Amino acid sequence: MKRKHYPAMLLLEDGSKYHGWSFHNSIKSTGEVVFNTGMTGYQEIITDPSYTDQIITFTYPEIGNTGINKEDNEANTIYIKGIITKNISDRPSNWRYKTNLIDYLIQKKIPHIFGIDTRALTKHLRNYGAMNGCITDNICNTQIIEKMIKTTSNMIGNKLVDKVTTKSLYPFLLNNKNSNIYSRLNQKTRFENHYLFHIGVIDLGVKKNILSRLINYGCKITVLPANSNYTTIKQLQIDGILLSNGPGDPSSMIDIINNVKDIINFCHIPIFGICMGHQILSLALGARTFKLKFGHRGLNHPTGMNQKAEITSQNHGFAVQLNSSLNKQIAISHFNLNDSTIAGIVHKNKPIFSVQYHPEASPGPHDSEYLFNHFIYLIKQSKINN
């Protein structure tokens, strides 16, 4: 089916312009323009809450080849401000696909532009850093668009977790309707209605596959709002806490950081932080965070230490910066091997650890799957010692 496409433009805050096409005839969407180097996983990226208020550039030249299915969404709500790509396939081929990406973009009213030189755009963002921009159909009068970009919030100081967190706690149950094929094939055997441990997941913008991985280890899951405090955790009699991924500037989330401080000091149970959870945990322990020039977003980022490396999925625009006083409490467990930023920490005296990447990565890679097993091991040992 041939679809009509309309002239569109991407305008960056530094005045750079990129002309292309859209399947929408009326679009104006502003956000931080970033790039992701993954060759697959576009559905997971589009539905990942960590990309809230961002416009995603896909460096892979053609997306949409496997269509859109019903299992791989990371959230039920779409928070991105748009996508940018060289080409969008209108002939997907995959045994699970239910619709093609073009129809999905139209149906969900996702702002988009295609047909531009994404390689040139990515090089520009690498040289000058991620910046705000606008996808628009107004390609003649740019003054209005420039004003829109100037009034768009900067990511520094932007507390976006409130947009994506659950408003009330709820149990998460895995079934064939909300699990992807990798989760179903790797599900651990457990007795009916019998769970190994009760995990409280503090939702900073949690991806569904994090919850799926915990379920697969035989855990009962309760998803908690981002502002949950020590009292709530204690009342629920939770065995372990996972601080999830999420969007925005971690240093802006003062109330959440203070709650995590109390949980660390008074709960005495294992804590596992992922991505934003890693940053919040580090801040609660006395570290600082800073904004990266263009962030780490892709499926092939090497992390490790001492001649050992894992290939990991990453998506963040901020990183942790240690200071001398913090070194007394924690040890660095992983570095990002591309730029030597901190990619993992472990507390020296408590069962607490975190990583600046995604061990639950969907569609992959799965090098870091062992971290969930380590989390369960810490919970077991903690219960034995207590």
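Within the range 260-286, the set of residues being touching a Phe, Trp or Tyr at 6+ places or on another chain (Cβ under 7 Å) and farther than 24 Å from Gln314 by Cα comprises Asp262, Ile263, Phe266, Cys267. Residue selection: Ile254 fails the criterion of being at pLDDT 95 or above, among the aliphatic types (A, V, I, L, M) and in contact with a Pro (Cβ under 9 Å, 6 or more places away or on another chain). Within the range 339-386, being aromatic (Phe, Trp, Tyr) and closer than 25 Å to Phe290 by Cα holds for Phe353, Tyr357.
Filtered by the rule that a residue be touching a residue at least 60 places away in the same chain (Cβ under 8 Å) and buried (at least 20 other Cβ atoms within 10 Å of the Cβ), the range 225-238 gives a lone residue, Ala226. Only residues that are loosely packed, with under 13 Cβ neighbours inside 10 Å and not small (Gly, Ala, Ser) were counted in the range 83-97, giving 3. If the condition is being within 17 Å of Gly129 (Cα to Cα) and β-branched (Val, Ile, Thr), then the range 1-51 contributes Thr30, Val33, Val34, Thr37. Residue selection: Asn132 fails the criterion of being within 20 Å of the chain's Cα centre (by Cα), closer than 23 Å to Pro247 by Cα, at pLDDT below 90 and polar (S, T, N, Q). Only a single criterion out of (1) at pLDDT below 95; (2) surrounded by fewer than 22 Cβ atoms within 10 Å (Cβ to Cβ) is not satisfied by Ile330, namely (2).
Residues in the range 330-371 that are among the hydroxyl-bearing types (Ser, Thr, Tyr) and either under 20 Å from Lys308 (Cβ atoms) or part of a strand (DSSP E or B) (or both): Ser333, Ser340, Thr341, Ser354, Tyr357, Ser368, Tyr370.
Any residue that is free of Cβ contacts under 8 Å to residues at least 24 places away in the same chain and out of contact with any strand residue (DSSP E or B) (no Cβ under 9 Å at 6 or more places or on another chain) - is there at least one of those in the range 55-74? No, the range 55-74 contains no residue that is free of Cβ contacts under 8 Å to residues at least 24 places away in the same chain and out of contact with any strand residue (DSSP E or B) (no Cβ under 9 Å at 6 or more places or on another chain). For the range 110-157, a residue qualifies if it is crowded, with 16+ Cβ neighbours inside 10 Å and touching an Asp or Glu at 6+ places or on another chain (Cβ under 6 Å), and the qualifying residues are Ala130, Met131, Asn132, Ile149, Met155. Does the range 46-64 include one or more residues that are small (Gly, Ala, Ser), at pLDDT below 95 and under 18 Å from Ile106 (Cβ atoms)? Checked the range 46-64: no residue is small (Gly, Ala, Ser), at pLDDT below 95 and under 18 Å from Ile106 (Cβ atoms). Across the range 58-77, what is the number of residues that are touching a helix residue (DSSP H, G or I) at 6+ places or on another chain (Cβ under 6 Å) and either polar (S, T, N, Q) or over 23 Å from Thr122 (Cα atoms) (or both)? Looking only at that region, the number is 5.
Here Leu10 fulfils each of the conditions (1) in contact with an Asp or Glu (Cβ under 9 Å, 6 or more places away or on another chain); (2) not in a helix (DSSP H, G or I); (3) not aromatic (Phe, Trp, Tyr) apart from (1).
In summary, strands (runs of 3 or more DSSP E) completely within the range 20-119 and bearing 1 or more residues that are assigned by TED's automatic domain parsing to the domain that holds Asn132 and of a type in the set (S, T, N, Q) occur at 28-36, 54-58, 82-85.
Remark: pairs (first residue in the range 125-152, free of Cβ contacts under 8 Å to residues at least 40 places away in the same chain; second residue assigned to a loop (DSSP other than H, G, I, E, B) and surrounded by 15 or more Cβ atoms within 10 Å (Cβ to Cβ); Cβ separation under 8 Å; 6+ apart in sequence or on different chains) = Ile144/Asn138.
The values are calculated or read from the model by the stated rules, or taken from the named source; none is laboratory data. The shown structure was predicted, so the numbers you read here are calculated from the model rather than taken from an experiment. In this analysis, Cβ positions are derived from the backbone assuming ideal geometry, glycine residues included, and neighbour counts consider all displayed protein chains.
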